[in-house]
1. Considering each of R35, R21, R17 in turn, give the residue that is outside the structural domain of N112 (by TED's automatic domain parsing) and either polar (S, T, N, Q) or over 26 Å from D110 (Cβ atoms) (or both).
2. Looking at region 148-184, which of the residues that are in contact with a Lys or Arg (Cβ under 9 Å, 6 or more places away or on another chain), of a type in the set (A, V, I, L, M) and within 23 Å of S197 (Cα to Cα) is surrounded by the fewest Cβ atoms within 10 Å (Cβ to Cβ)?
3. Hey, does region 2-11 have a residue that's surrounded by 11 or more Cβ atoms within 10 Å (Cβ to Cβ) and either closer than 25 Å to G71 by Cβ or outside the structural domain of A68 (by TED's automatic domain parsing) (or both)?
4. Enumerate the helices (runs of 4 or more DSSP H) found wholly within region 6-96, keeping only those where 2 or more residues are farther than 30 Å from S187 by Cβ, among the basic types (K, R) and modelled with pLDDT of 85 or more.
5. From Q145, Q119, Q141, which residue is among the polar types (S, T, N, Q), farther than 25 Å from A39 by Cβ, surrounded by 15 or more Cβ atoms within 10 Å (Cβ to Cβ) and not assigned by TED's automatic domain parsing to the domain that holds A27?
6. Would you mind finding the one in R174, R132 that is of a type in the set (K, R), in the same structural domain as F98 (by TED's automatic domain parsing) and at pLDDT 90 or above?
7. Quick test of your reading of the structure: V40 fulfils all but one of (1) over 30 Å from G193 (Cβ atoms); (2) assigned by TED's automatic domain parsing to the domain that holds I139. Name the failing condition by number.
Amino acid sequence: MAKVDLARRAEIGREKRERTRTLILDAGTMLMAERSREAVTVDAVVEAAGVAKGTFYYHFQSIDELAAAIGEKLGESFDGVLRDARLALEDPVKRLSFAFTKFLEKAISDPNWARLVVQSSQSRGEYARGVRTNLKADIAQAIVQDRLSIRDVDLAVDIVMGIWLQVTRGILDRGARPDLTQQTVESALRALGASRSDQENAWKKWP
């Protein structure tokens, strides 16, 4: 009788579970890009993924938890796009403005992505952890440099994230006029108490 490789069997089991979880994530992502959040049900997800309902609940407790996982995945992918360019910017206000600009440009050019961002942000748990972490670091550095009048880092992050999401909802509802990105970036910096020169210049001075 062949010797059973328990370690390999366990590895195969983990790989299978990860593939199944990815199937469910992909199905949820597709559905949330196509329809309203209220129309995304567990039944719809398992049908699209081709798995049993019990399999869904093995990986996720609810649609909210699935949406949170989708949001984290979106945040990670967006953070990956920004990483190299952000490293080239030493000024924290410019890094903040750069990320804000790229976020809005992505939302304008890809409505499905924008819809996913808005819907996943409504779930419980911390949305876009990687993006929020970088945002917090940039704001904290700007405060240390006395570049912002607001002194509470967490409040500042909430303000910026709130503006991002609300403007993204407006883009989905009404579209975007040509000057939307510039006006939004300047308004966010104004809300944080940035100087007038930073408000006017930081959004467009990339390396």
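The values are calculated or read from the model by the stated rules, or taken from the named source; none is laboratory data. On a predicted model such as this, the values are computed, not experimentally measured, just so you know. Every residue, glycine as well, gets a Cβ built from its backbone with ideal geometry; the counts of neighbours run over all protein chains shown.
1. Numbers: R35 fails: either polar (S, T, N, Q) or over 26 Å from D110 (Cβ atoms) (or both); R21 fails: either polar (S, T, N, Q) or over 26 Å from D110 (Cβ atoms) (or both).
Just one listed residue meets the conditions, R17.
2. My answer is M161.
3. Just the residues of region 2-11 that are surrounded by 11 or more Cβ atoms within 10 Å (Cβ to Cβ), to begin with: 11.
Next cut, either closer than 25 Å to G71 by Cβ or outside the structural domain of A68 (by TED's automatic domain parsing) (or both) only: 11.
Within region 2-11, one or more residues are surrounded by 11 or more Cβ atoms within 10 Å (Cβ to Cβ) and either closer than 25 Å to G71 by Cβ or outside the structural domain of A68 (by TED's automatic domain parsing) (or both).
4. Numbers: elements: 6-34, 42-49, 53-59, 63-87.
Correct list: 6-34.
5. Working: Q145 fails: surrounded by 15 or more Cβ atoms within 10 Å (Cβ to Cβ); Q119 fails: farther than 25 Å from A39 by Cβ.
Exactly one of Q145, Q119, Q141 is among the polar types (S, T, N, Q), farther than 25 Å from A39 by Cβ, surrounded by 15 or more Cβ atoms within 10 Å (Cβ to Cβ) and not assigned by TED's automatic domain parsing to the domain that holds A27, namely Q141.
6. Details: R132 fails: at pLDDT 90 or above.
From the options R174, R132, the qualifying one is R174.
7. Among (1) over 30 Å from G193 (Cβ atoms); (2) assigned by TED's automatic domain parsing to the domain that holds I139, the lone unmet condition for V40 is (2).
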